Amino acid sequence: MKSVLVTGSSGLVGSEVAAYFSSQGWAVHGVDNNQRAVFFGPGGDTRWNQQRLAAQLRHFQHHELDVRDRDGVLALVASLAPDAIVHAAAQPSHDRAAAIPFDDFDTNATGTLNMLEAARRACPGSPFVHMSTNKVYGDRPNTIALRELPTRWDYDDPRFAEGIAEDLPIDQSMHSLFGASKVAADVMVQEYGRYFGMPTCCLRGGCLTGPSHSGVELHGFLSYLIKCNIEQIEYRVFGYKGKQVRDNIHSLDVARFIHAFVEAPRSGEVYNLGGGKGNSCSILEAFEMVEARTGLAQRYVYVDQARAGDHICYYSDLRKMKAHYPGWDITQSLSDTMGQIVESWTLRHRT
Ligand SMILES: NC(=O)c1ccc[n+]([C@@H]2O[C@H](COP(=O)([O-])OP(=O)(O)OC[C@H]3O[C@@H](n4cnc5c(N)ncnc54)[C@H](O)[C@@H]3O)[C@@H](O)[C@H]2O)c1
């Protein structure tokens with residue numbers, strides 16, 4: 001039986017990847033230490049998801065390990081020599097990073113190096129998939145000409161009609177400390193591909209979402225927005241008139257792409273991974289869609305000051321992913337995804 005090691009396995013992406021590979025007959029080793037609860041407080045607690053995996057998945061083993069623990073990581077990867085590694089553990093928030101720069105960099109940059117070097121020593125031929133972020137582009141997307149529509153911003157430049165592709169420069173723009181620590185990891189993952197020839201790739205995510213997210217104000221756009229609607233918490237809109245655009249991809253489609261890469265890996269690749277234009281929405285549009293589902297008015301307050309370095313309009317150009325992996329496409333529409341998140345929060349709200 002093939003085995004995959006998934007870091008951040010109690011989080012949104014890691015848990016979906018664990019479930020997907022398990023459904024394909026793989027043994028799954030999850031690494032997580034519930035650090036999300038340390039980063040974001042009780043709202044970020046992921047133990048419920050860890051317990052769900054333990055109860056539902058066949059051949060799943062949880063390893064309580066911090067990816068910053070170099071010796072622990074080297075020993076675990078050496079003992080397992082997995083057939084694939086999916087690295088999804090991270091400090092994932094833009095804004096949180098400024099308050100905890102050492103924790104952020106140690107987790108995102110050094111934690112990734114620990115995983116890469118452990119893989120090189122124990123299983124250099126195993127595909128290594130790294131969850132990167134569109135924040136590696138810093139706020140450069142904000143320099144693209146925009147036009148203002150009634151409920152959203154959109155690109156006013158035909159070169160970006162399909163969204164942002166992988167050739168957008170990544171430096172000389174504002175990244176936030178989070179974006180900078182993720183750039184370090186992203187470039188290192190590419191280098192282990194280019195320099196050592198390992199089958200690595202970086203997935204530069206837009207908004208990754210789904211029912212298993214423990215959404216909080218600082219991370220998890222749709223999950224948190226829907227939680228606020230259901231629990232009637234006041235949502236804060238930061239700048240850009242609420243017309244800022246995000247492309248949302250269900251974590252199941254993320255897991256499907258990762259599986260496609262693992263089955264036919266390439267070396268040192270980067271992909272922009274999001275919902276694309278078809279699954280994009282502004283905050284105002286998201287309010288409307290959720291209200292239509294739940295029948296509850298969204299309570300919100302507008303804050304004039306935009307978040308530092310925040311994208312005004314971002315959607316991913318998915319053409320490279322589709323060209324390299326023609327069997328892959330988006331299968332979960334934005335509307336279906338929202339329905340699943342509503343259902344999940346409604347259940348969690350009751351229990
Ligand atoms: N969700 C998004 O919108 C989004 C967008 C772009 C990129 N990404 C990237 O995708 C990856 C996964 O994101 P997610 O949304 O699933 O986040 P998440 O917070 O839901 O999951 C990450 C998991 O990693 C664990 N973790 C954190 N630090 C750890 C450490 N030091 N050791 C062990 N475990 C640790 C957390 O407890 C959590 O369960 C991250 O790299 C993130 O930067 C996410």
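Observations
- Residues whose amide H comes within less than 5 Å of that of R299, counting only those at least five positions distant or on another chain, are Y235 (H built at 1.01 Å from N in the peptide plane).
- Using Cβ point charges alone (K and R +1, D and E -1), the dipole size of the stretch 48-131 about the Cα centre works out to roughly 320 debye.
- Relative contact order of the stretch 161-223: 16 percent, from C-alpha pairs under 8 Å at least 6 residues apart in sequence.
- Taking the C-alpha atoms only, the angle from helix 251-263 to the longest principal axis of the chain is near 30 degrees.
- FRET efficiency estimate (nearest 0.05) - Cβ-Cβ, V38 to A145, R0 45 angstrom: 0.65
- Debye equation applied to the C-alpha atoms of the stretch 117-245, log10 I(q)/I(0) at 0.11, 0.14, 0.18, 0.23 Å⁻¹: -0.54, -0.82, -1.15, -1.37
- Divide the volume of the convex hull around the Cα atoms of the stretch 1-94 by the residue count and you get 86 Å³ per residue.
- Bins of 5 Å, starting at 0 and running to the largest distance - Cα pair percent for the stretch 16-167: 2, 8, 14, 16, 16, 14, 11, 9, 6, 3, 1, 0
- Sorting L296, L80, L74 from the fewest to the most surrounding beta carbons within 10 angstrom yields L296, L74, L80.
- Dipole moment magnitude, nearest 20 debye, the chain about Cα centre, only Lys, Arg, Asp, Glu C-beta charged: 420
- Degrees between helix 111-122 axis and first principal axis of the chain (Cα, 0 to 90, nearest 10): 30
- The residue among S22, G11, V67 whose Cα reaches farthest toward the positive pole of the charge dipole of the stretch 1-73, with charges on the beta-carbon of Lys, Arg, Asp and Glu, is S22.
- Positive-end ranking of H259, A145, M174 along the dipole of the chain, with charges on Cβ about the Cα centre, is headed by H259.
- Potential extension, Q51-S79 segment - 0.36 nm per residue separation minus Cα distance: 7.7 nm
- Table column - 3J(HN,Hα) (Hz), the stretch 130-140, Karplus curve with 6.51, -1.76, 1.60, x for Gly and Pro: 10, 7, 9, 8, 6, 6, 5, 7, x, 9, 4
- Size check on the stretch 240-335: the Cα extents along the three principal axes, sorted descending, read 47, 32, 16 Å.
- From the largest down, the chain spans 55, 47, 41 angstrom on the principal axes of its Cα atoms.
- Unit Cα scatterers, Debye sum, the stretch 82-133: log10 I(q)/I(0) for q = 0.13, 0.22, 0.25 Å⁻¹: -0.35, -0.78, -0.91
- Rg over Rh for the stretch 46-122 works out to 1.01, using Cα positions for both radii and the Kirkwood form for Rh.
- Antiparallel %, DSSP beta bridges [both residues in the chain], to 5: 15
- Contact order for the chain, expressed relative to its length and based on alpha carbon pairs under 8 Å spaced 6+ residues apart, stands at 19 percent.
- Highest-MSF residue in the chain out of A99, A165, A90 [GNM, Cα springs under 10 Å]: A99
- Put simply, when 237-244, 269-276 are sorted by average Cβ atoms within 10 angstrom per residue, most first, you get 269-276, 237-244.
None of the figures in this text is laboratory data; all of them are computed from the coordinates on show. What you are looking at is a predicted structure, and each value in this text was computed from that prediction instead of being measured. Backbone-built Cβ (ideal geometry, glycine too); neighbour counts: all protein chains shown.
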